[in-house]
Amino acid sequence: MIPRTAYDWEITVFSPDGRLFQVEYAREAVKRGTTTVGIKFKNGIALIVDKRITSRLIEPNSIEKIFKIDEHIGCATSGLVADARALVERARLEAQINRLTYEQPIQIKALVKKICDFKQTYTQYGGVRPFGTALLIGGVDDSGAHLFATDPSGAMMEYKATAEGEGRDAAIEYFEKNYEEGLSRDDAIILGLKALIYATEKKLEKRAVEVGIVDEQRKFRILTDDETEKYFEKAKGE
């Protein structure tokens, strides 16, 4: 009988019960990350993160959890931020290659597939490890607004609203009870913040919140601190 540790050493070998332990460990890294939520509204997507500021000496703006990939696409991360940054650079490269080759912005689903294919290769070959991060990728293209969640294994799924990180289960439970089709942008952001507050057991600080949106104008942007604070106070008040 081969001990479990032998399967821990070699990422490309399945255990007798069909598991890849290194992939499961990468998922645990995601679960330990800060809570990230994404929500679809009418003609757009909102991404909201808890930056989890652990010290009053930290400059909140130095913590990056939401990234712009292309003019019409953004992503939020939960897990190892350094791993996410490498994936974001890969995604930006793929988006620019598409613009240069076809002279048009890349479709959201096509980009997500490319990133997931890249992530999957890190579960298949020796000498590497899976990326310990999950990305929520949202954007608007010719087919409408799309929100995808990517897994360390390279799996992908499209959602109307979802979450990753430590408070994932609680946030999804909140969405399942309260999400409705056709939300306005403001209502979606407030609902997302409520889910994040619920998932963090009301310990969320306003200075730790960051919100990114892309709407029918197809311009992804991160809200200013003042804009975010207004939404946060309204969500917390309700």
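Each reported figure results from applying straightforward, stated rules to the coordinates on display, with no laboratory input. These figures come from a predicted structure and were not determined experimentally. Methodologically, a virtual Cβ is constructed for each residue, glycine included, from the backbone with ideal geometry; neighbour enumeration extends over all protein chains shown.
Out of all the residues in region 112-143, which are among the β-branched types (V, I, T) and part of a loop (DSSP other than H, G, I, E, B)?
The answer is T123, V128.
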Positions within region 193-217 being under 16 Å from H146 (Cα atoms) and either touching a Gly at 6+ places or on another chain (Cβ under 8 Å) or hydroxyl-bearing (S, T, Y) (or both), in sequence order: G212, I213, V214, D215, E216
